[in-house]
1. Residues in segment 89-100 that are in contact (Cβ under 8 Å) with a residue 12 or more places away in the chain and open to solvent by less than 90 Å² (accessible area, probe 1.4 Å): how many?
2. Cβ-Cβ under 6 Å, sequence separation 6+ or interchain: first residue in segment 36-64 and open to solvent by less than 40 Å² (accessible area, probe 1.4 Å), partner assigned to a strand (DSSP E or B). Which pairs?
3. Being surrounded by 15 or more Cβ atoms within 10 Å (Cβ to Cβ), hydroxyl-bearing (Ser, Thr, Tyr) and under 14 Å from the mean Cα position of the chain (by Cα) is the requirement here; does residue 17 meet it?
4. Pull out all pairs, ordered by first then second residue, where Cβ-Cβ is under 9 Å, the residues are six or more apart or on different chains, the first lies in segment 110-136 and is at positive phi, and the second is hydrophobic (A, V, I, L, M, F, W, C).
5. Got at least one residue in segment 119-130 being in contact with an Asp or Glu (Cβ under 8 Å, 6 or more places away or on another chain) and part of a loop (DSSP other than H, G, I, E, B)?
6. In the list 76, 104, 8, 85, which residue meets the criterion of being under 22 Å from residue 133 (Cβ atoms), at pLDDT 95 or above and open to solvent by 60 Å² or more (accessible area, probe 1.4 Å)?
7. Among all residue pairs at least 6 apart or on different chains, which show Cβ distances below 7 Å where the first residue, located in segment 22-35, is acidic (Asp, Glu) and the second is open to solvent by less than 100 Å² (accessible area, probe 1.4 Å)?
Amino acid sequence: MARPRQTLVSLEDTPYYHCCSRVVRKAFLCGFDKSTGENFEHRRAWVDSRIVELATIFAIDICAYAVMSNHLHVVLKVDAGKAKLWTDKEVLIQWHKGFKGTLLTHKFVKGEALNEFELQTVNDCITQYRQRLIDI
């Protein structure tokens, strides 16, 4: 029976995780589908580059990965210590590399003045983003 991810991932026990993602209905992620004659090999470079790009955003290192015709494997190391050492501004810069962010988080990064309520809202975002940047 399937279990929620939060019960499977325990950074206190190990920072290393092997993840596998599969396609469904005999679809092809990459490679040549003999039954339809379609070639999906062009997707392999996109998947490769996306994995490498995400590793530059998150505090998660890619130990190894393999992109197969209908699934992929990734061995990850979650670097929670790295994310804890990031300043608030660095957390937002990392987050903005991959996600839009908010008007207030962009103002904070630029060093613009924020009132007390806006600053509290940004601090709440920083707490949430810091956690998400180590979340598999």
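The values are calculated or read from the model by the stated rules, or taken from the named source; none is laboratory data. Source: prediction; values computed, not measured. Glycine gets a Cβ as well: all are built from the backbone with ideal geometry, and neighbour counts include every protein chain shown. For the accessible areas, the whole protein counts, side chains as well, though only heavy atoms, and no ligand, DNA or RNA atoms are used. Shrake-Rupley method; radii C 1.70, N 1.55, O 1.52, S 1.80 Å.
1. Matching residues across segment 89-100 total 7.
2. Every condition considered, the pairs that remain are 47/67; 51/65; 55/62; 60/76; 60/78.
3. Details: surrounded by 15 or more Cβ atoms within 10 Å (Cβ to Cβ): yes; hydroxyl-bearing (Ser, Thr, Tyr): yes; under 14 Å from the mean Cα position of the chain (by Cα): yes.
Here the answer is yes, as residue 17 does meet what is asked.
4. Between residues of segment 110-136 that are at positive phi and residues that are hydrophobic (A, V, I, L, M, F, W, C), there is no close pair.
5. No, segment 119-130 contains no residue that is in contact with an Asp or Glu (Cβ under 8 Å, 6 or more places away or on another chain) and part of a loop (DSSP other than H, G, I, E, B).
6. Details: 76 fails: open to solvent by 60 Å² or more (accessible area, probe 1.4 Å); 104 fails: open to solvent by 60 Å² or more (accessible area, probe 1.4 Å); 8 fails: at pLDDT 95 or above.
Going through 76, 104, 8, 85 in turn, just one is under 22 Å from residue 133 (Cβ atoms), at pLDDT 95 or above and open to solvent by 60 Å² or more (accessible area, probe 1.4 Å): 85.
7. If the second residue must be open to solvent by less than 100 Å² (accessible area, probe 1.4 Å), the pairs left are 33/40.
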